[in-house]
Amino acid sequence: MILPSPERRWKHAVVTGGAGFVGSHLCAALLAAGTEVTCVDDFSTGLPDNVTGLLEHPGFTLCRADANRPFTVDRPPDLVLHLACPASPADYLRLPLHTLEAGSLGTSNALELARRTGARFVLTSTSEVYGDPLEHPQSERYWGNVNPVGPRSVYDESKRFAEALTTAHSAVHGTDTCIVRLFNTYGPGMRGYDGRAVPTFVRQALDGVPLTVTGDGRQTRSLCYVDDTVAGILAAAAHGMRGPVNLGNPQEITMTDLARRIIGLTGSSSEIRYVARPADDPAVRCPDITLARGKLQWEPEVEMTEGLRRTISWFRSQAARNAAEVR
């Protein structure tokens, strides 16, 4: 994993959404690098279990607060990482207004914290700002093809607004900002019912039920293992670049092929069942990571099969733990 360069070792980082999937991995990586971390989370979508193991670390502070409302931390940070936002379809469709507020009010609150303390600010945006893209692969120069009133718009437009707000804040106040666009991150710590493909397929395969592939299954995604995503975020923070910069794995896979691979890796007898495809579901998704390779010397290291094995192993351990608790 790439850790911040020596000249950009952080003393204290604030991570909004730090109990979420990516956020909790980021908190752990920062602590491992010697950075004190304050995790800000209201647990609307984050899980207490994600940070339970961090509570015993002397450098970790948990602040239970909604980033969409003004919040305070006990000491000034030199790095603010804003991840707080419902990111899975199951969550942002259930919490549409909260999602829009995360991109607007939440981003404003996090930016103000960075401005007041002179901290470096990193916005974790998303490949969803590209919508159902007409350019493939997607580079940072592409402006996107987003339906502003469709069912996915609460998430897509929340992130697009957050990018605009971050850019304006830097221009007006001189805030030291960076925008990273994450592509389809997966790994241990995901929730089986969050609506994303990898945890859904893994859960279904382990349960021995059909894997539900939407549409004809030919739509593609580019999966990046969470350790690689975290390394990219830290590299962008340390570099000082403004971005936006794509962080993802340029290896594409169709949803049918992903389902078949997970069936094979789990040894499941499950079949594939095709179901209706959601509205505005992107047909393709693949990052152009030329900028990240050139500026950050970053690219994914964990091969997809290995990443899926680690993810499946984690889901198996969770199932075993849950079964033991029931007994």
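The values are calculated or read from the model by the stated rules, or taken from the named source; none is laboratory data. Model, not experiment: these values are computed from the prediction. Cβ placement follows ideal geometry from the backbone for every residue including glycine, while neighbour counts extend to all protein chains displayed. Just so you know, the surface numbers come from the protein's heavy atoms only, side chains and all, with ligands and any DNA or RNA stripped out. Shrake-Rupley method; radii C 1.70, N 1.55, O 1.52, S 1.80 Å.
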So how many residues does region 112-151 have that are among the basic types (Lys, Arg) and under 24 Å from Phe21 (Cβ atoms)? 1
Of the residues in region 26-45, those that are under 15 Å from the mean Cα position of the chain (by Cα), buried (at least 24 other Cβ atoms within 10 Å of the Cβ) and not charged (D, E, K, R) come to Leu26, Cys27, Thr45
Evaluate the following for Thr167: is it open to solvent by 10 Å² or more (accessible area, probe 1.4 Å), touching a Lys or Arg at 6+ places or on another chain (Cβ under 9 Å) and either within 22 Å of Thr254 (Cβ to Cβ) or at pLDDT 95 or above (or both)? yes
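Inside region 225-244, can you point out the residues that are under 14 Å from the mean Cα position of the chain (by Cα) and not in a helix (DSSP H, G or I)?
Tyr225, the sole residue that qualifies.
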Give region 72-87 a look and list any residue that's over 10 Å from Thr38 (Cβ atoms), of a type in the set (A, V, I, L, M, F, W, C) and part of a loop (DSSP other than H, G, I, E, B), or say none. Leu83, Ala84, Cys85, Ala87
Inside region 71-103, can you point out the residues that are out of contact with any Ser or Thr (no Cβ under 7 Å at 6 or more places or on another chain), closer than 17 Å to Thr175 by Cβ and open to solvent by 20 Å² or more (accessible area, probe 1.4 Å)? Asp78
Which members of region 296-309 meet the condition of being open to solvent by 90 Å² or more (accessible area, probe 1.4 Å) and part of a helix (DSSP H, G or I)? Arg309
Search region 254-277 for residues that are within 15 Å of Phe315 (Cα to Cα) and pair each with any residue that is of a type in the set (Phe, Trp, Tyr) and open to solvent by less than 50 Å² (accessible area, probe 1.4 Å) when their beta-carbon atoms are under 7 Å apart and the residues are at least 6 apart or on different chains. Ile262/Phe201
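Where residues in region 46-61 are among the aliphatic types (A, V, I, L, M) and more than 14 Å from Leu30 (Cβ to Cβ), which of them is most open to solvent (accessible area, probe 1.4 Å)?
Our first condition is that a residue be among the aliphatic types (A, V, I, L, M); within region 46-61, this holds for 47, 51, 54-55.
Subsequent filtering for residues that are more than 14 Å from Leu30 (Cβ to Cβ) retains 47, 55.
On the way: Leu47: 60, Leu55: 93 Å².
Ranking the qualifying residues of region 46-61, first place goes to Leu55.
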Val284 meets each of (1) in contact with a Leu (Cβ under 8 Å, 6 or more places away or on another chain); (2) among the β-branched types (Val, Ile, Thr); (3) open to solvent by 20 Å² or more (accessible area, probe 1.4 Å) with one exception, condition (1)
Which condition number does Ala292 fail, the rest of (1) crowded, with 17+ Cβ neighbours inside 10 Å; (2) more than 18 Å from the chain's Cα centre (by Cα); (3) at pLDDT 95 or above; (4) not in a strand (DSSP E or B) being met? (2)
Residues of region 104-127 being of a type outside the set (Ser, Thr, Tyr), buried (at least 23 other Cβ atoms within 10 Å of the Cβ) and touching a helix residue (DSSP H, G or I) at 6+ places or on another chain (Cβ under 6 Å), in sequence order, are Leu111, Phe121, Val122, Leu123
Can you find a residue that is in a loop (DSSP other than H, G, I, E, B), open to solvent by less than 10 Å² (accessible area, probe 1.4 Å) and within 23 Å of Val146 (Cα to Cα) anywhere in region 247-255? yes
Selection from region 230-241 of residues closer than 20 Å to Thr311 by Cα and in contact with a Leu (Cβ under 6 Å, 6 or more places away or on another chain) yields Val230, Gly232
Can you name the residue in region 136-164 that is among the aromatic types (Phe, Trp, Tyr) and free of Cβ contacts under 8 Å to residues at least 40 places away in the same chain and is also most open to solvent (accessible area, probe 1.4 Å) among such residues? Trp143
Name the residue that is nearest to Leu30 (Cα to Cα), counting only residues in region 77-127 that are charged (D, E, K, R) and at pLDDT below 95. Asp91
